[in-house]
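Step one of this worksheet: look at the structure below.
The values are calculated or read from the model by the stated rules, or taken from the named source; none is laboratory data. Quantities reported herein were computed from a predicted structural model and do not represent experimental measurements. As a convention, Cβ positions derive from the backbone with ideal geometry for all residues, glycine included, and neighbour counts pool all protein chains shown. In case anyone asks, the SASA skips ligands and DNA or RNA and just uses the protein heavy atoms, side chains included. Shrake-Rupley method; radii C 1.70, N 1.55, O 1.52, S 1.80 Å.
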Amino acid sequence: MMRISLRTPLIGLVCGTLGLTGLGGQQGVAQTVAGFETRASSAYVRDLATGTVLLDKAADVPLPPASMSKLMTLLMLFEALEDGRLSLDTTFTVSPRAYQMGGSRMFLEPTDRPTAEDLIRGIAVLSGNDATVVVAEGLAGTEDAFAQMATRRARELGMRNTTIANASGWPDPNHLMSKRDLGILAEHIISTYPQYYPYLSESEFTWNGITQPNRVPLLNAGVGLDGLKTGFTSAAGYSLTGSVKQGDRRIIFAFGGLDSERARVQEAEAIINWAFRQFAQVTVAREGQVMAQAPVWLGAADTVPLVVASEARALVPAIGARNLDAQVVYDAPVPAPVVAGTPLGELLVDIPDMAQIRIPLVAGADVAEGGFRVRAQAAAARLVTKIRGAGQEALN
């Protein structure tokens, strides 16, 4: 066999409105890109439809997450609701420890019996430290036991740089999360629990006669930001994990280390504007699209079509990338029999100023083994080749 590489233009693939696709059931192609200068000490931005990592600045460094880690507490509560351990109207007890929590609070009283739904709002909207302790103790008995349970769950989700020490994000040298892990967590909540995600975008919540606004900035600014969680401690700085939907695209981001609330708002707006204005989502190749014909060895047909396995999308620079250049790579000849759907090669797409993307190509049809005539012709061809080779050597 030999490796075949063929250059092919992706004709008609144009940035902007042409070729744009929605989210429904289609697969993106993982990419990475650079080019945005953030003031945050660490940051992570990902386009969910295509899997493109738009920004990675110290994204895998474990750092104090402050209240952003309350997303992990919410996730544990969502999972308990989904597996039937709780219902939204299940009531919880407020322990002395929960009541005595400082910082941002839901203002729970020792005699209160909040429901699971109350506590979701108390955490998602009010960032209540008291509410997180109530949830932790209600789920695991103690906050320490909850922390161990949450750390294990984080590892199962691929959050390799997360260690949970408490339910609230209260300063603790062992309580650490990376910005990529916060992005993984946010994406998981959005995709797995869409029925609960709207709680994170509620503008305010009232408990015990005290109305407090949602601490997430830009919720009503018309930029598409619809949740998740702010954070602040002296070690974490002003931080934010957020998600934004504009049209068919959604991004998630996490950043930290800024020196003021105003800087946090400005950075969030800058990230949103850059992510949506500088890139367009396009269909790189459609499912079943034939990209090449690969020769077949000893088959009932001479060739087999190489087709795109599933529709692939990517982000391209909004300015500067019109027709993309691609390369089809496969091993040839392909031995018969060939079964449709068998992986046979890749489509390598070069996008200006971005990482190359790789799209699987599969056999587009079955090719049976050839009969006696095909094998006889192949044997004769090999014999002729050997004779010609021997004759050439004799002449030399």
Considering only residues that are among the basic types (Lys, Arg) and out of contact with any Asp or Glu (no Cβ under 7 Å at 6 or more places or on another chain), which ones fall in region 272-320?
ARG277, ARG313
Going by the structure shown, is GLU79 closer than 16 Å to LEU185 by Cα and assigned to a helix (DSSP H, G or I)?
yes
With respect to ALA314, is the statement that it is on the phi < 0 side of the Ramachandran plot, in contact with a Lys or Arg (Cβ under 9 Å, 6 or more places away or on another chain) and crowded, with 22+ Cβ neighbours inside 10 Å true?
no
For THR230, all conditions in the list (1) out of contact with any Lys or Arg (no Cβ under 6 Å at 6 or more places or on another chain); (2) in contact (Cβ under 8 Å) with a residue 40 or more places away in the chain; (3) surrounded by 15 or more Cβ atoms within 10 Å (Cβ to Cβ) hold save one; what is the number of the exception?
(1)
When you scan region 47-74, how many residues do you find that are without any contact (Cβ under 8 Å) to a residue 24 or more places away in the chain and β-branched (Val, Ile, Thr)?
1
Picking from GLU261, GLU267, which residue would you name as being more than 19 Å from the chain's Cα centre (by Cα) and within 22 Å of ARG180 (Cβ to Cβ)?
GLU267
Go through the residues of region 234-241 one by one and say whether even a single one is at pLDDT 95 or above, buried (at least 17 other Cβ atoms within 10 Å of the Cβ), assigned to a loop (DSSP other than H, G, I, E, B) and out of contact with any His (no Cβ under 6 Å at 6 or more places or on another chain).
yes
Return the pair list, or none, for Cβ contacts closer than 7 Å from residues in region 91-114 that are touching a residue at least 60 places away in the same chain (Cβ under 8 Å) to residues that are loosely packed, with under 13 Cβ neighbours inside 10 Å and assigned to a loop (DSSP other than H, G, I, E, B), at least 6 apart or on different chains.
PHE107/ASN208; GLU109/ASN208
When ALA40 is run through (1) at pLDDT 95 or above; (2) of a type outside the set (D, E, K, R); (3) in contact with a Gly (Cβ under 7 Å, 6 or more places away or on another chain); (4) open to solvent by 10 Å² or more (accessible area, probe 1.4 Å), the failure sits at (4)
Please indicate, with yes or no, whether at least one residue in region 376-385 is surrounded by 14 or more Cβ atoms within 10 Å (Cβ to Cβ) and modelled with pLDDT of 55 or more.
no
Looking at (1) farther than 30 Å from ARG46 by Cα; (2) open to solvent by less than 60 Å² (accessible area, probe 1.4 Å); (3) among the hydrophobic types (A, V, I, L, M, F, W, C); (4) in contact (Cβ under 8 Å) with a residue 24 or more places away in the chain, which is the only condition ALA145 fails?
(4)
Sort out which residues of region 187-197 are open to solvent by less than 70 Å² (accessible area, probe 1.4 Å) and not aliphatic (A, V, I, L, M), and write them in order of number.
GLU187, HIS188, THR192, TYR193, TYR196, TYR197
